[in-house]
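Values quoted throughout were computed directly from the atomic coordinates according to the rules given, and no laboratory measurement underlies them. All figures in this text were calculated on a predicted structure; none of them were measured in a lab. All Cβ positions, even for glycine, are placed from backbone atoms using ideal geometry, and neighbour counts span all protein chains on display.
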Amino acid sequence: MATRRPTEPPRSPDSAKEIPNVIKADELAPKAPRVRAKSTTPRVKKPPVAKTPVAVAVSEEVRRAMIAEGAYLRAERRGFAPGREKEDWLAAEAEVDALLKARHDGTALF
C-alpha cells in the first residue's frame, strides 16, 4: 500500500501556539477615495421616446364603477354626512368624463 507524501513541510509544535499579527481598524490609515478615469469618447444621450397615448374603450359598466368609486371617496372625505349624495355623484361623473376625454384626446391632465 502506497502512502501519500504531505505537500507542506511539517509544522513545529511551537508554531501552533503563535498568535497571528492582527491589524485593528483603528490602526489603518484612511484610504484615499478612488478616482475614476474620464473617458475620451463622448457619451451620446438617447433622445427621449415619445409615448403615444393608446385609446382605450371604456364600457359603460367600467365608467359607472369609476364614477361610483369617485362619489364614495368624496363622501368619505366629508365624513359621509347625508344630503349631498347627488352632488358627490355629479362631481365624480364630471371628473371621470374629463379624465376619459383627456385620455382619448391624447392630452394628459398631469
- prompt: Sorted by packing (mean other beta-carbon atoms within 10 Å per residue), highest first, where do 73-86, 90-103 land?
  reply: 90-103, 73-86
task: Measure off 7 Å from each Cα along the Cα-to-Cβ vector at Phe80 and Ala57, then give the distance between these two points in nanometres to one decimal.
output: 3.8 nm
message: How large is the direction-averaged shadow of the alpha-carbon convex hull of segment 60-105, in nm²?
response: 3.1 nm²
- line: Residue separation between Leu90 and Ala102 times 0.36 nm, minus their alpha-carbon distance, gives in nm 2.5 nm
